[in-house]
1. Where the only charges are on Cβ atoms (+1 Lys, Arg; -1 Asp, Glu), what is the dipole of the chain about its Cα centre, to the nearest 20 debye?
2. Hey, can you list the DSSP H helices of the chain whose Cα span along the axis is 18 Å or longer and whose average Kyte-Doolittle score is at least 1.0?
3. Let me know the shape class of segment 1-43, please: from the alpha-carbon gyration tensor, a ≥ b ≥ c as square roots of the eigenvalues, rounded when a/c is under 1.5, otherwise prolate if a/b is greater than b/c, or oblate.
4. Among 93, 15, which comes first, then next, by fewest other beta-carbon atoms within 10 Å?
5. What is segment 2-97's relative contact order, in percent, from Cα pairs under 8 angstrom and six or more apart in sequence?
6. Sequence gap of 8 or more, or different chains, plus Cα separation below 16 Å: how many lysine pairs satisfy both in the chain?
7. Would you kindly state the longest site-free stretch of the chain, with sites defined as trypsin sites (Lys or Arg not before Pro) in a DSSP loop (not H, G, I, E, B) surrounded by at most 15 other Cβ atoms within 10 Å?
8. Would you compute, from DSSP H runs of 4+ residues alone, the mean residue ellipticity of the chain at 222 nm, taking -39500 (n - 2.57) per run and dividing by the full residue count, rounded to the nearest 500?
Amino acid sequence: MDLTAQRRGDTLLISLNGEIDEHSAARLRKDADTLADKRLPVDRAVFDLTGVSFMDSTAIGFLLGRYKKFLRYGVKTYVTNPSPTADKILTMSGVYSLIPKL
């Protein structure tokens, strides 16, 4: 699992590539939290799931945890480009009620 980030205006785009599972989640949490803690002058953080090939319940926990972290800094969080399978998981779990899909 790889995480890359780039600032685009008032948006921090965080691209995830690979599988989000219990084996990759710890490193992802650390990397995403480091980005949040930098307190970049952004209004929103967007998690781009284009490259995510697999996700389980650990991914839901990862996204909700980062949502809470960014929220503390006044940054709105979004998800974009989930695969049909990831979209179904995120819909059924209710994640979109907190983290909207763009």
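What follows is calculated from the coordinates using simple rules that are stated; it is not laboratory data. Bear in mind the structure is a predicted one, so any value in this text is a computation, not a measurement. When we count neighbours, we look across all protein chains shown, and the Cβ atoms used for this are built from the backbone with ideal geometry, even at glycine.
1. Working: 15 positive and 12 negative charges, 101 e Å.
Computed about the Cα centre, the dipole is about 480 debye.
2. Working: long enough: 22-37 (23 Å, -1.05); 57-72 (23 Å, 0.18).
The qualifying helices: there are none.
3. Numbers: a/c = 3.73, a/b = 1.82, b/c = 2.04.
Oblate is the answer for segment 1-43, as a/c is 1.5 or above yet b/c matches or exceeds a/b.
4. Working: 93 14, 15 18.
If I rank by nearby Cβ atoms, fewest first, I get 93, 15.
5. Details: 143 pairs, mean separation 29.1, N = 96.
Over segment 2-97, the number comes to 30 percent.
6. Eligible lysine pairs with Cα atoms under 16 Å apart amount to 9.
7. Numbers: sites that count: 38, 39.
Answer - 40-102.
8. Details: 3 runs with 42 residues, N = 102.
Helix contribution divided over all residues of the chain: -13500 deg cm²/dmol.
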